Every structure is written in structure tokens, then in C-alpha cells.
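This report concerns only the one structure given below.
The values are calculated or read from the model by the stated rules, or taken from the named source; none is laboratory data. Just so it is clear, the structure is predicted and the values come from calculations on it, not from any experiment. No Cβ is skipped: glycine too gets one built from the backbone with ideal geometry, and neighbour counts run over all protein chains shown.
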Amino acid sequence: EAGVTQSPTHLIKTRGQQATLRCSPISGHTSVYWYQQALGLGLQFLLWYDEGEERNRGNFPPRFSGRQFPNYSSELNVNALELEDSALYLCASSLGTGHTDTQYFGPGTRLTVL
Amino acid sequence: GIQVEQSPPDLILQEGANSTLRCNFSDSVNNLQWFHQNPWGQLINLFYIPSGTKQNGRLSATTVATERYSLLYISSSQTTDSGVYFCAVESSGTASKLTFGTGTRLQVTL
């Protein structure tokens, strides 16, 4: 069974640009989560999508947004990039609402903002 | 929000030694997971353990939910065990959001 996949592996952008990160969950999982791991800040929850809807959001500005597609894959968009957005972005999936269950993580996308 | 503290922050062991990593949390939880982050950043699931005890090979974990702590035991450590170990919890009132501890960085030497 394939795990959570993310693309691209690495992404280099300049300040002010937009970045788009993609995630495909484990087959059968309907929930997708996004986390940011920035140097010195640890792992922080960004967004949770389930059945196409945004269910919860962490303490991040509105320029961090995303969506979930009918096949349950997800996109994270970061607009007006700032230097401090440089981080490892991790996507996770789980069975979805109504299930308190294990979150399985993908390999991450490393975003560098120059 | 819920607070998650891990100790020790750093640990150096010789190969073959045993270790215990601790995770304290400040509120009741629906979910507690232990992860190992490899040098490439991938989070590897070790245990889903909101309560009770589980074992998987040389690793075992115990969560005492009523006392709000969890322990990860590593026995007969190997150099491949090196990396950062994270505890993450889902608070009973926070809809599937995992809150991570700051991690324990483990280095196993020959």
C-alpha cells in the first residue's frame, strides 16, 4: 500500500512569489493535514481538510491557504512568500472525522525562500 | 492550548544501551503518537498509544493518561536509532490537530 506522497521534494522561490505544494493521502483516507517545521519553531499545525472542507486552522496568516480535491488529494498555497516561510512542510493523512486515529506523514516538501 | 514537554532534550548513548524518553502533557488527550524523524525529515510512526502499553521489537511505549505522561523505551540501541523522537498529542477538545513536543535528539555512538 502506497504511503502519503508529496511533491515537489524541494522548492526554491523568491520573496513575494507564490508556492504550491501537493499531497496525496493514503488510499481510503479522507482527512489531510498540513504542518510546518521551521528552524527553531518546531512542528506546528497549519490546516486540516476532510471531505473537501477546511475543518481546522492553526495560527497562520490568511496567505496560507489550501484546498482538498474530490479524490482527497490536497494543495497548500502560500502567497506573498516571506523569508520566514522557509521550512519543511509535512502532509499527513488519516481515516477522517469520526475516527480518532493515527496520522501518517509524507516525506515533506522543503521550501526555501530567497 | 495543550502543552507538551519532552525530556531529555538531548541524549547520547553507546550502542547497546537502553534509554527512556518522557512526554508530559497538560490536558486530557484523544490521541498520542510517537514518531522518529530521520535525517531527511520524514516522520516515521512508532506508536499510536493514547493509553496502555505497546511493544514493537526493541521499542515499547506506555501512556498513563490519568497522570498525563507517556514513556518511550528503546532497548539495545543501535546507530540507526539516532535522530529526533517526537511525541504528539491530540487534545480532547481540538478536532484532530496534533500538538508536537520539542523532541528528544538521540545520538547512538559505536
Exercise. So how many residues does region B:60-93 have that are touching a Gly at 6+ places or on another chain (Cβ under 8 Å), farther than 19 Å from residue A:104 by Cβ and within 12 Å of chain A (Cβ to nearest Cβ)?
Worked result: 1
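Kindly evaluate residue B:76 against the criterion of being among the polar types (S, T, N, Q), at positive phi and in contact with an Asp or Glu (Cβ under 7 Å, 6 or more places away or on another chain).
no
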Exercise. Can you tell me which residues in region A:1-55 are touching a residue at least 24 places away in the same chain (Cβ under 8 Å), among the acidic types (Asp, Glu) and not in a loop (DSSP other than H, G, I, E, B)?
Worked result: A:50
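Those residues that are in a loop (DSSP other than H, G, I, E, B), under 22 Å from residue A:4 (Cβ atoms) and of a type outside the set (Phe, Trp, Tyr), I need them from region A:59-85; list them, please. Give the steps one after another, and end with the answer.
Pass one, region A:59-85, residues in a loop (DSSP other than H, G, I, E, B): A:59-63, A:69-73, A:79-82.
Of the ones still in play, those that are also under 22 Å from residue A:4 (Cβ atoms) are A:60, A:69-73.
Hits for region A:59-85 are A:70, A:71, A:73.
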For this session: Test each condition in (1) more than 20 Å from residue B:44 (Cα to Cα); (2) surrounded by fewer than 21 Cβ atoms within 10 Å (Cβ to Cβ); (3) within 14 Å of another protein chain (Cβ to nearest Cβ); (4) modelled with pLDDT of 95 or more for residue A:98 and report the one that comes out false.
Result: (4)
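Which one of these is within 30 Å of residue B:51 (Cβ to Cβ) and surrounded by fewer than 15 Cβ atoms within 10 Å (Cβ to Cβ): A:106, A:58, A:28?
Only one candidate qualifies: A:28.
Of all the residues that make up region A:100-113, how many are in contact (Cβ under 8 Å) with a residue 24 or more places away in the chain and out of contact with any Leu (no Cβ under 8 Å at 6 or more places or on another chain)? Steps first, answer last, please.
Initially, region A:100-113 is screened for residues in contact (Cβ under 8 Å) with a residue 24 or more places away in the chain, giving A:103-113.
So of that shortlist, the ones also out of contact with any Leu (no Cβ under 8 Å at 6 or more places or on another chain) come out as A:104, A:107.
Total meeting the criteria: 2.
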